[in-house]
Amino acid sequence: MFSKKKNAPHPHIDCLINADTVINGDIIFTGGLRVDGTVNGNILTHESKSGTLIVSQQAKVEGRVAVTHAVINGEVQGDIIAQEFLELEAHARVSGNITYHTLEMHHGAIVSGKLTHAIRVEQSKPEEIIIPFQGTFQETPQEEPREEPGEVSLEGFQEGFQENLQEDFQENSRKNSRKNARKDF
């Protein structure tokens, strides 16, 4: 009756972003990351590796989050993708869409966005997750097996996410270089 959570996040923290720290840029990590400060950028786990993100009550993240496990108790302004487990604690404030496989939401947590359950598929790749998708697909010149309409595999989603992340990174770099050039005058 009172057993451990099956898909609970890893308890080990490898990196801490202090409450007085502000990070402007994307973070790609493996293992455990705890954010007590502010991150202005995307937070993702490194490719196919596992990672646990903990966002504390005083923390703020402005950007997309794509990790295997997440425990949110602070503010996130951006979409969240939790491939395995997402826990929204009592002080969590999320402005963005959430895609999850397992969700635990505490009384008091606030979500301004859409919740989408990612369905695990038991096929040749047991780690594959199908995420409902409401956009359109562009035709590709290669003949590849097509997913069902309205669904995209995690592998395809990650490729698109990485491309968008690179575009965002380049755009932010251009903006920052223009700001720095203005400061010199």
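The values are calculated or read from the model by the stated rules, or taken from the named source; none is laboratory data. Keep in mind that this is a model prediction, so the values were computed, not measured. These accessible areas exclude ligands, DNA and RNA; they are computed on the full protein's heavy atoms, side chains included. Shrake-Rupley method; radii C 1.70, N 1.55, O 1.52, S 1.80 Å.
The table for this structure:
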item	result
Karplus-derived 3J(HN,Hα), 6.51/-1.76/1.60, for each residue of region 53-58, Hz, glycine and proline x	10, 10, 10, 6, 4, 8
Placed amide H near residue 26: partners under 5 Å, 5+ positions off or other chain	42
Surface share of carbon and sulfur [accessible, 1.4 angstrom probe, percent] for region 22-121	49 percent
Residue 39 long-range amide H proximity, modeled H, under 5 Å	23, 60, 61, 62
Residue-wise HN-Hα coupling along region 107-113, computed from phi with Karplus coefficients 6.51, -1.76, 1.60 (Hz; x: Gly, Pro)	4, x, 5, 10, 10, 10, x
